[in-house]
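The values are calculated or read from the model by the stated rules, or taken from the named source; none is laboratory data. Every value quoted in this text rests on a predicted model; they were computed, and no experiment measured them. Because the Cβ atoms are built from the backbone with ideal geometry, glycine has one as well, and the counts that use them run over all protein chains shown. When the accessible area is computed, the model is the full protein with side chains, heavy atoms only, and any ligands, DNA or RNA have been set aside. Shrake-Rupley method; radii C 1.70, N 1.55, O 1.52, S 1.80 Å.
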Amino acid sequence: MEYASDYFYNAAIVYGMQRTYEKGFYWGLAFGPSIFADEFYVDAGILIDIRLGWVIGGRKK
């Protein structure tokens, strides 16, 4: 039997880039060192954040 933690925290210092194109397509990429924590342990690692999306209304010029 396992117990799942009620919360999970993450703190990171990230570096990345993001772009929004004229028709509204959006992408972002960020990475960096991070600390992950919950009720039972604290661990260090690398955070990688990748985002794709669509901005309603497109980019403002």
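Just to be sure I understand, how many residues within region 13-29 are of a type in the set (Val, Ile, Thr) and under 12 Å from the mean Cα position of the chain (by Cα)? Give the steps one after another, and end with the answer.
Of the residues in region 13-29, the ones of a type in the set (Val, Ile, Thr) are 13-14, 20.
Subset that is under 12 Å from the mean Cα position of the chain (by Cα): 13-14.
Qualifying residue count for the region: 2.
Determine which member of the set LEU52, LEU47 is aliphatic (A, V, I, L, M), at pLDDT 90 or above, open to solvent by 100 Å² or more (accessible area, probe 1.4 Å) and touching a Phe, Trp or Tyr at 6+ places or on another chain (Cβ under 8 Å).
Numbers: LEU47 fails: open to solvent by 100 Å² or more (accessible area, probe 1.4 Å).
None of the others qualify; the one that does is LEU52.
Among the candidates ASP49, ASP6, single out the residue that is part of a loop (DSSP other than H, G, I, E, B) and free of Cβ contacts under 8 Å to residues at least 40 places away in the same chain.
Values: ASP49 fails: part of a loop (DSSP other than H, G, I, E, B).
Unique residue meeting the criteria: ASP6.
If a residue must be in contact (Cβ under 8 Å) with a residue 12 or more places away in the chain and either in contact with a helix residue (DSSP H, G or I) (Cβ under 9 Å, 6 or more places away or on another chain) or open to solvent by 70 Å² or more (accessible area, probe 1.4 Å) (or both), how many such residues does region 9-26 contain? Steps first, answer last, please.
As a first pass, look at region 9-26 and keep what is in contact (Cβ under 8 Å) with a residue 12 or more places away in the chain: 9-18, 20-26.
In the following step, the residues that additionally are either in contact with a helix residue (DSSP H, G or I) (Cβ under 9 Å, 6 or more places away or on another chain) or open to solvent by 70 Å² or more (accessible area, probe 1.4 Å) (or both) were identified as 9-10, 13-15, 17-18, 21-23, 25.
Within region 9-26, residues that are in contact (Cβ under 8 Å) with a residue 12 or more places away in the chain and either in contact with a helix residue (DSSP H, G or I) (Cβ under 9 Å, 6 or more places away or on another chain) or open to solvent by 70 Å² or more (accessible area, probe 1.4 Å) (or both) number 11.
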